[in-house]
Amino acid sequence: MNNITSLVEGIKGAGADGWDSLKTIAKFLNYLMHPSLIVSALWNYTQAYAFWICLLLAMLAAIFYGLGFKKCAKWIPGSIAIFTLIKTIGGAF
């Protein structure tokens, strides 16, 4: 136990970045050992930016539809449906 304590003290004394680097590595290994944390982080990111992504997609689809690309018309309700689905699933968890 004394060796571990001296190792930690040595890392703390290695500089200001030594202990912070060790914490960062520990956090990375924690995410690596628990993949559910990665999925949770990605899902939170998806929920946070779903509105702007779906809004941009719907606006571009409306512009392309107005320019004559008739197949882009189905992207408008599709993006609204995807946004609704993301928010519904996010509200359940």
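The values are calculated or read from the model by the stated rules, or taken from the named source; none is laboratory data. Because the structure is a prediction, the values reported are computed rather than measured. Methodologically, a virtual Cβ is constructed for each residue, glycine included, from the backbone with ideal geometry; neighbour enumeration extends over all protein chains shown. Just the protein is used for accessible areas: all its heavy atoms, side chains included, with ligands, DNA and RNA removed. Shrake-Rupley method; radii C 1.70, N 1.55, O 1.52, S 1.80 Å.
Taking Leu7 and the conditions (1) open to solvent by 90 Å² or more (accessible area, probe 1.4 Å); (2) modelled with pLDDT of 90 or more, which numbered condition does it fall short on, given that it satisfies the others? (2) is the only condition that Leu7 fails.
Number of residues in the stretch 30-54 that are in contact with a Phe, Trp or Tyr (Cβ under 8 Å, 6 or more places away or on another chain), modelled with pLDDT of 90 or more and either over 16 Å from Ile82 (Cβ atoms) or open to solvent by less than 70 Å² (accessible area, probe 1.4 Å) (or both): the value is 2.
If you filter the stretch 61-71 down to residues that are among the aliphatic types (A, V, I, L, M) and open to solvent by 80 Å² or more (accessible area, probe 1.4 Å), you find that the one that is nearest to Asn44 (Cα to Cα) is Ile63.
A search for C-beta distances below 6 Å between a residue of the stretch 72-86 that is farther than 18 Å from Gln47 by Cβ and any residue that is open to solvent by 60 Å² or more (accessible area, probe 1.4 Å), counting only pairs 6+ apart in sequence or on different chains, returns Cys72/Phe64; Cys72/Tyr65; Ala73/Tyr65.
Within the stretch 56-70, residues that are closer than 19 Å to Ile82 by Cα sit with their Cβ atoms under 9 Å from residues that are open to solvent by 70 Å² or more (accessible area, probe 1.4 Å) and in a loop (DSSP other than H, G, I, E, B), at 6+ positions apart or across chains, in these pairs: Ala61/Phe69.
Of all positions in the stretch 70-90, at least one carries a residue that is on the phi < 0 side of the Ramachandran plot, of a type outside the set (Val, Ile, Thr) and within 14 Å of the chain's Cα centre (by Cα).
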